[in-house]
Amino acid sequence: GLLAARPASTTPTAAESASADEYDAIVVGGGHNGLVAAAYLARAGLQTLVLERRSMLGGAAVTEEIVPGFKFSRFAYLAGLLRPTIISELDLHRHGLVYLPRTPSSFTPSPVNGDGRSLILGASAEEDAASIAQFSAADAAAYPEYEAFLGQCRDLVTPLLDSPPPNPLEAHASIIERARAVSTLSTMVRAGFRHKDAVVPFYELFTAPAAHVLDRWFEGEVLKATLATDAVIGAIVSPNSAGSAYVLLHHVMGEAAGRQGVWAYCKGGMGAVSDAIGAAAKEAGAELVTGATVAEIKCDSSGKASAVQMSDGRLLRARRAVLSNANPHHTFLDLINPAAATLPPAFAKHVAHADYSCGAFKINLALSGLPNFACMPSSPDGAPGPQHRGTIHFASSMAAMDIAYLEAARGIPATRPVVEMTIPSSLDDSIAPPGQHVCQLFVQYAPYELDPACGSWADEAFKQRFVDRVLDVIEQYAPGFRSLILGIDVISPLDLERILGLHKGNIFHGSLALHQLAYARPVPGWSSHRTPMRGLYLCGAGTHPGGGVMGAAGRNTARIVLADLGVPF
């Protein structure tokens, strides 16, 4: 739930249902990170209010019934990044969070005119080896070593997720925070000693092109293309781009039901994640209000964030802190009045010129039945098979992905988009009528900023032509797919901006390029969730550790706020 200022409505906003005019802490935006922050602040005894512009909480982690009877995870669609500490501390399973782990996790079919082979990963080590060996015995032997290496790298990175980037010299840090930074650094050093053979390759992983790393590990193009899709997720980069390799870690960062490297669906869709966090926040005493548009974050005469002005004119005061779950661009350039609160010029310039390129496009479909893949036909009884349960990859080769990137970088939607399909109803019978299915297509290389000669996302006919291009890709693997479609919901980059307030449609609140990570996220020198406006904190994906339904930014911000207030976490 990212807040875009809009004209005051003639009807009263739900902000009028806020029970008071003054709170200890006000959270602008009810996305999952804002809800996590609110839950921890309320648990610590702060009177906390969350204000969400949309009619539902959750931001990008929502379930919406766009087609009657079909519940879409309309934006975010996979779970697994949500920090286990948050799940246990907020007791989210008691509040209704149910993971549905996927076995197998990945299916890469061959097209109709292909050789009939397919690649299935994530069932078991033995089945992975057998599937990979169809293409290359050497790759089958190398794959467990590759996963073990990424696992070691994950162990090196994980300590960095549960706190801001460790900086014992942070100017604004409390003694508690400095101690935590030292503890995080020592944990990383211990992990480094434990995996000392992986430390130097880990450095390479963070700087090299994904293609360079994958070419060295493997020879089979199908396996490399399947793995390379992780390296370009939600970004306009090529597998050949320097710095794309570290996103390969995405493959092993998931953790569901106590199993590392596992991604899952959520029973009831991704809205179940936000619902569970919201329930924990409410139980702790937080007040959650929807239909509430914040027009301005205001400061007092000393320059401290002290209130929010609603679009209907109502002023809600924050005695101790204001947290923004909106992206940095919207927070600092839309919600702060430059005449009333001066940001350091270098800070404002950095925010204005941050990289928000993304290229994500989402299509949600209601289907009358399951896609029938030419290389692995569906069961006659219509029951989902292993080919339907995981992420279905339609990437043909790393070279084809590079061509798609080159088009997108010029402002042209890819002629052959990179498409990933998920069918959560294959494991969750609560989101579609019996025998029918919810199908989600995550499409890459659809740039927000288009070459005007090529078209505009505001043009429905242009948008439909791109959708047809995506469906054409799927028809090459599952003939007759179009005839299954009962209803469709199309989300272009422009729609992501209009509906969720995601600046330029970036799903991570700013690209996860190397120059915008850790100490440089959102602005160099401001990686601790604090901002140049005292009392204003940033708790969304535009801060460390970045995007995905992780919750870490929300929890980390709450810890910083409470440390600044001298309140135990």
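The values are calculated or read from the model by the stated rules, or taken from the named source; none is laboratory data. If you're wondering where the values come from, they're calculated on a predicted model, not measured in any experiment. FYI the Cβ positions are ideal-geometry reconstructions off the backbone, even for glycines, and counts take in every protein chain you see. All accessible areas refer to the heavy atoms of the entire protein, side chains included, with ligands and DNA or RNA removed. Shrake-Rupley method; radii C 1.70, N 1.55, O 1.52, S 1.80 Å.
Below are the figures for this structure:
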read-out	value
Residue satisfying all of: in region 268-306; assigned to a loop (DSSP other than H, G, I, E, B) and surrounded by fewer than 18 Cβ atoms within 10 Å (Cβ to Cβ); nearest to the chain's Cα centre (by Cα) among these	GLY285
Some residue of region 368-379 being over 25 Å from the mean Cα position of the chain (by Cα) and in a strand (DSSP E or B)	yes
Lone qualifier among SER136, SER106 - being buried (at least 21 other Cβ atoms within 10 Å of the Cβ) and either in contact (Cβ under 8 Å) with a residue 40 or more places away in the chain or on the phi > 0 side of the Ramachandran plot (or both)	SER106
Restricting region 387-402 to residues that are assigned to a helix (DSSP H, G or I), in contact with a Ser or Thr (Cβ under 8 Å, 6 or more places away or on another chain) and not basic (Lys, Arg), the residue that is nearest to LEU78 (Cα to Cα)	HIS388
Check on ALA383, of a type in the set (Gly, Ala, Ser) and outside any loop (DSSP other than H, G, I, E, B)	no
In region 379-437, the residues that are touching a helix residue (DSSP H, G or I) at 6+ places or on another chain (Cβ under 8 Å), open to solvent by 50 Å² or more (accessible area, probe 1.4 Å) and closer than 21 Å to LEU223 by Cβ	ARG389, SER396, ARG416
Odd one out for ALA321, checked against (1) closer than 18 Å to HIS529 by Cα; (2) in a helix (DSSP H, G or I); (3) open to solvent by less than 10 Å² (accessible area, probe 1.4 Å)	(2)
In region 508-528, residue farthest from ASP459 (Cα to Cα) [restricted to those that are buried (at least 24 other Cβ atoms within 10 Å of the Cβ) and in contact with a Lys or Arg (Cβ under 9 Å, 6 or more places away or on another chain)]	LEU512
Checklist (1) touching a Leu at 6+ places or on another chain (Cβ under 6 Å); (2) under 24 Å from ILE499 (Cβ atoms); (3) open to solvent by less than 20 Å² (accessible area, probe 1.4 Å) applied to GLN309, failing item	(3)
Residue list for region 532-546, restricted to those being surrounded by fewer than 24 Cβ atoms within 10 Å (Cβ to Cβ), on the phi < 0 side of the Ramachandran plot and out of contact with any helix residue (DSSP H, G or I) (no Cβ under 7 Å at 6 or more places or on another chain)	MET533, ARG534
Given (1) open to solvent by 30 Å² or more (accessible area, probe 1.4 Å); (2) at pLDDT 95 or above; (3) under 29 Å from GLY271 (Cβ atoms), number of the condition TYR99 does not satisfy	(1)
Options PRO159, PRO166: the member that is open to solvent by less than 40 Å² (accessible area, probe 1.4 Å) and outside any helix (DSSP H, G or I)	PRO166
Hits in region 453-465 (condition: assigned to a loop (DSSP other than H, G, I, E, B) and either among the β-branched types (Val, Ile, Thr) or at negative phi (or both))	ALA453, CYS454, SER456, TRP457, ALA458, ASP459
Flag for LEU562 being crowded, with 22+ Cβ neighbours inside 10 Å, in a helix (DSSP H, G or I), within 19 Å of the chain's Cα centre (by Cα) and of a type outside the set (Gly, Ala, Ser)	no
Residues that are touching a helix residue (DSSP H, G or I) at 6+ places or on another chain (Cβ under 6 Å) and either open to solvent by 30 Å² or more (accessible area, probe 1.4 Å) or hydroxyl-bearing (Ser, Thr, Tyr) (or both), drawn from region 356-378	TYR356, SER368, MET376
Criterion (part of a loop (DSSP other than H, G, I, E, B) and either among the aliphatic types (A, V, I, L, M) or in contact with a strand residue (DSSP E or B) (Cβ under 6 Å, 6 or more places away or on another chain) (or both)) met by exactly one of LEU486, LEU450, LEU441	LEU450
Residue in region 292-308 that is more than 22 Å from VAL561 (Cβ to Cβ) and modelled with pLDDT of 95 or more present	yes
Pair list, Cβ < 8 Å and 6+ apart or interchain, from region 398-418 residues that are within 17 Å of LYS224 (Cα to Cα) to residues that are among the acidic types (Asp, Glu)	MET398/GLU221
